Amino acid sequence: MKIVFTGIQGCGKWTQSRILEQRYGFKLLEMWTEFRNIVKSGSELWNQIKEIIDNWRQVPEELWKKVMEEVLKTHTEENIIYDGFLRNSWNLEVFNKFIPEYKVVLFELDLIKARDRLYNRVYDPETGETFSSDIEINPKNGNKLIKREDDKDIESIKRRFNEFVEKTLPIIERQQEQWLVIEVNADQNIEKVTEELEKKLWLKK
């Protein structure tokens, strides 16, 4: 089963993907994590991008497409969750080329509640886990928790929301017209969201 997780920032995609990963053996692919893996690999593709960045030029869309194509071609596991792959029109174009059949899970959350979640959270830069801002240390590994740069203030959060509304939401609406989207209420506690997700994906007998 190929599943795309989408929704406004702060809707809990990361938390739910980790749960499905642990319970059902899904492979979680996060676009920016995979991009960093390409960076670390020192591949020819990365060398092309690095040269452009080092010369203070903007990386062209065609190169970003090659990065996405490389990720999609490399991972052929049966059960995959894709997070951060469909944020704009060219993302959709590349994705549909390599992944012809998939489901989209939309985690629905009010913008005000999403804003409050982002503003009041910190994260572990090593694992990506998020916590309430009153927690300073990850209890699982002892890592110091920090604020994400794009969560640091209300204006930063608004810019992220605008990006979602202007570029990602139209993609979701197109997919809804194709009956690809499963809607899950993200304004519940974690266990309730998981329960609804499992039911709608027919994961739980």
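The values are calculated or read from the model by the stated rules, or taken from the named source; none is laboratory data. A quick note: this is a predicted structure, and the numbers were derived from the prediction, not measured. With ideal geometry, Cβ positions are generated from the backbone for all residues, glycine too; neighbour counts draw on all protein chains shown. Only protein heavy atoms, including side chains, enter the accessible area calculation; ligands, DNA and RNA are left aside. Shrake-Rupley method; radii C 1.70, N 1.55, O 1.52, S 1.80 Å.
Per-structure values
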read-out	value
Proximal lysines relative to Lys200, as straight alpha-carbon distance under 23 Å, when same-chain residues fewer than 8 apart are discounted	Lys2, Lys13, Lys27, Lys103, Lys192
The chain: calculated mean residue ellipticity at 222 nm from DSSP helix runs of at least 4, using -39500 (n - 2.57)	-14000 deg cm²/dmol
Hull shadow area, averaged, the chain [alpha-carbon convex hull, nm²]	12.5 nm²
Accessible-area value, Glu163, 1.4 Å probe, nucleic acids and ligands omitted, Å²	90 Å²
Within a Gaussian network of the chain (alpha carbon springs, distance under 10 Å), most fluctuating of Arg159, Arg87, Arg18	Arg159
Global form of segment 153-205, assessed from the alpha-carbon gyration tensor, a/c cut-off 1.5	oblate
Neighbour count of at most 12 Cβ within 10 Å plus DSSP loop: longest chymotrypsin sites (Phe, Trp or Tyr not before Pro)-free window in the chain	57-178
Debye intensity ratio in log₁₀ form over the Cα atoms of segment 84-133, taken at each q of 0.20, 0.22, 0.23, 0.26 Å⁻¹	-0.88, -0.91, -0.92, -0.95
Largest to smallest accessible area among Glu93, Glu78 [probe 1.4 Å]	Glu78, Glu93
DSSP bridge orientation in the chain - percent antiparallel, rounded to nearest 5	20 percent
Highest-first arrangement of 137-143, 152-158, 191-197, where packing means the average Cβ count within 10 Å	191-197, 152-158, 137-143
Cross-link reach list, aspartates and glutamates versus Lys113, counting only Cα pairs under 17 Å and skipping chain neighbours closer than eight places	Asp150, Asp151, Asp153, Glu155, Asp187
Å³ per residue enclosed by the Cα convex hull of segment 62-165	149 Å³
